[in-house]
């Protein structure tokens, strides 16, 4: 029998078929979210001693799949900017695996800047991580788009008591009245100061009562712009808090609209003058590319969080201390509460195991104490043991108590709704940076940006409504 | 350019009827099939998928939703206010050209047009400059001087460095307080230049970085072209009294024309896709808002596409942008072929 030869036309047809197959495979939507509907069996034992939370047995949380035999592999996405930070986080993950030998945790990491792209690309490829750190600004968007599992059934089924978290933490992790993530840590910035630079200028150290205006006055004495010695470094990174403590209204209550009223514009103008008239704060680009200006002793003060404890302990070659955020132009203090929302992906094939890890990292006193002791983050829960470890850590600087005492002034940054990332980082922050860059006045640059940003928020809200209808 | 017929074509249809010919053809297809299959699977397949996505609202996390031409409509919807030029200026102020233009030109997606403008600015300056400097260096290094190979190696070094590393070095070099370039400018009595934070200077700075990293590449190609020009042509022209400029104009340029055409074509295609330098410079600023540089002066087309796709959950709009870019690049390339293609001299054609 004569064998049939493959003609050029047939070959091209086959190739096209293969390509179409690949395209179709690529067209497959991401894995459908699993739903949490199974009946709940609670078997945990919880003891509470005052504020102390001791968890001895993990609860069996609701899930969709029967328990597999042997260790289960789950994936967790995190961001980290240094190998040391990654290794320190792995110590806590290793502890979890030691306690839960039936779960093997694989950590996927990227830099903070590339984190959303990394996770979303993994999700598009059908490989969404089971457990995810979530950037606060993305909680609303990811929740509204069903990318996160609603944690409330798990919370109800286990020992987790939301009142055990520090104030503002759970709000930061929620959207539309539902808890989608839980905070691994709750943090905010504090005022770091270089004692040597204050001593050299003959100035008193900052205290709980120090205001922005005080620091400006002191800055005029301490700063020597010609030699790149300045009082203030990165206060613009915490502008939202200072806009609040000026008495200004930045957004409406629901976070669905930017307001940016006159006190906000006045505060931006004040910050513009700090750089371009008073010369106590670096102008944009002045200190770019030379590392951390506080660590390099170019700037006497900086606003940084507890996540910098171990970095400065290892690197700063000068005596330093911390105190609470300075009070704003309105004469009171506002603190933006940050933290690390941690959630379960709706595409997870092992949501029960993923929840176990989320609960361990965000609520278990062992993990919370370890992260405090290792100096990578402050605790998210009120457990005394964890806070004792935080204060006892060699990385915790002098004055940390001031910072803790000021926590009563803390509130969530914003009620981030879908579209906030584009509206904020794509429009409003660009305009704010232009004001600080002296490209125009706040009155000229901010109102058009507010209008554009509100358009984006409105469009995002419409998209979410359409998604709900679908 | 003429193509010779292959032996198989010359032999006509009868050739294909022979078993040997079919076997040969099949073998040839087998050999090229890894590339063809890879091309279909990993290039054409994703392109078709992205074309489909460009007609949808897709956030990556949920299923794509068909929206027809909406993504394209948003890009090109522009409200032109023809009466804006006649608006009276506020009392005591004069309307600037920018005021009048801003009032006249009101696109729905102004970021898209800003990114287009930034990219065009970059293309119009970086491609000709890169071309001229590469050619100039190639001609310098085509001379017979001592240590020529060392010079060539030095000029080529920047091209083998990763662009990210080179860009970070330039963040240092261009620093207003500590950078070497500013030190030289100020040493000569010039002002402090905020290369990376002044919106007027950011694009020229990126062009500078591109030239530093890219000129070596072009130079090597031009050098190869220069060395392939027969010396006799120059000798006979010199005997006929042609000066340096005449020899350059009438011998060097025509003989290099295929390379010039290639360089310009590839340069324009590459410049439309500028991304890395702006991305690195943006993140050197420390915040996501600085990704587009001061006042979005570095918001290039592909950077906006990246933001929309991966930061703002707008893969549909990003895919539409990608297809518009594809059409622009194809159109510009066709125009180049039409305008420049006929002026290219291929020595082999005689």
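The values are calculated or read from the model by the stated rules, or taken from the named source; none is laboratory data. What you see is a predicted model; the values in this text were computed from it and never measured. Using ideal geometry, Cβ is built from the backbone for each residue, glycine included, and neighbour counts are taken over all protein chains shown.
General observations
- Count of residues meeting criterion [within 10 Å of chain A (Cβ to nearest Cβ) and either within 22 Å of the chain's Cα centre (by Cα) or exposed (fewer than 13 other Cβ atoms within 10 Å of the Cβ) (or both)] in segment B:298-350: 6
- Output for segment A:219-237, where each listed residue is in a helix (DSSP H, G or I) and over 32 Å from the mean Cα position of the chain (by Cα): A:220, A:221, A:222, A:225, A:226, A:227
- Taking the criterion of being out of contact with any strand residue (DSSP E or B) (no Cβ under 9 Å at 6 or more places or on another chain), in a helix (DSSP H, G or I) and surrounded by 19 or more Cβ atoms within 10 Å (Cβ to Cβ), the only residue of segment A:390-419 that qualifies is A:390.
- Residues that are under 28 Å from residue A:420 (Cα atoms), out of contact with any helix residue (DSSP H, G or I) (no Cβ under 7 Å at 6 or more places or on another chain) and not in a helix (DSSP H, G or I) within segment A:259-281 comprise A:259, A:261, listed in sequence order.
- Residues in segment A:111-134 that are within 18 Å of the chain's Cα centre (by Cα) and at pLDDT below 90: A:111, A:112, A:113, A:114, A:116, A:117, A:120.
- Every test in (1) buried (at least 20 other Cβ atoms within 10 Å of the Cβ); (2) farther than 18 Å from residue A:328 by Cα is passed by residue A:436 save one, and that test is (2).
- If you check B:291, B:298, B:334 for being in a loop (DSSP other than H, G, I, E, B) and over 21 Å from residue B:73 (Cβ atoms), only one passes: B:298.
- Helices (runs of 4 or more DSSP H) wholly inside segment B:118-222 that include at least 2 residues being farther than 17 Å from residue B:277 by Cβ and touching a residue at least 60 places away in the same chain (Cβ under 8 Å): B:148-160
- Applying the condition of being in contact (Cβ under 8 Å) with a residue 40 or more places away in the chain and not in a loop (DSSP other than H, G, I, E, B) to segment A:372-389 and asking which residue is surrounded by the most Cβ atoms within 10 Å (Cβ to Cβ) yields A:381.
- Per-region count, segment A:96-106, residues buried (at least 16 other Cβ atoms within 10 Å of the Cβ) and either in a strand (DSSP E or B) or under 18 Å from the mean Cα position of the chain (by Cα) (or both): 2
- Matching entry among B:141, B:173 (being in contact with a helix residue (DSSP H, G or I) (Cβ under 8 Å, 6 or more places away or on another chain), buried (at least 17 other Cβ atoms within 10 Å of the Cβ), at pLDDT 90 or above and at the interface with chain A (Cβ under 10 Å from one of its Cβ atoms)): B:173
- Here the condition is being at negative phi and within 14 Å of chain A (Cβ to nearest Cβ); of B:178, B:222, it holds for B:178 alone.
- Scanning segment A:224-239 for residues that are crowded, with 18+ Cβ neighbours inside 10 Å and out of contact with any helix residue (DSSP H, G or I) (no Cβ under 9 Å at 6 or more places or on another chain) returns A:228, A:233, A:234, A:238.
- Matching option when the condition is within 12 Å of chain B (Cβ to nearest Cβ), outside any strand (DSSP E or B) and modelled with pLDDT under 90, among A:426, A:455, A:440: A:426
- Screening segment B:53-73 for residues that are in a helix (DSSP H, G or I) and out of contact with any helix residue (DSSP H, G or I) (no Cβ under 7 Å at 6 or more places or on another chain) and picking the one that is nearest to the other protein chains (Cβ to nearest Cβ) gives B:70.
- Qualifying residue in segment A:334-343 (condition: outside any helix (DSSP H, G or I), under 27 Å from residue A:254 (Cα atoms), within 14 Å of chain B (Cβ to nearest Cβ) and modelled with pLDDT of 90 or more): yes
- The residues in segment A:282-296 that are at the interface with chain B (Cβ under 10 Å from one of its Cβ atoms) and either crowded, with 21+ Cβ neighbours inside 10 Å or under 19 Å from residue A:439 (Cα atoms) (or both) can be counted, and the count is 7.
- If you go through segment A:103-123 and pick out every residue that is touching a helix residue (DSSP H, G or I) at 6+ places or on another chain (Cβ under 8 Å) and either within 14 Å of another protein chain (Cβ to nearest Cβ) or touching a residue at least 40 places away in the same chain (Cβ under 8 Å) (or both), you end up with 8.
- Residue under evaluation residue A:267, criteria (1) more than 14 Å from every other protein chain (Cβ to nearest Cβ); (2) surrounded by 23 or more Cβ atoms within 10 Å (Cβ to Cβ); (3) closer than 17 Å to residue A:303 by Cα, criterion not met: (3)
- Taken together, the criteria place residue B:155 among residues that are under 30 Å from residue B:231 (Cα atoms), in contact with a helix residue (DSSP H, G or I) (Cβ under 6 Å, 6 or more places away or on another chain) and either at pLDDT below 90 or surrounded by 15 or more Cβ atoms within 10 Å (Cβ to Cβ) (or both).
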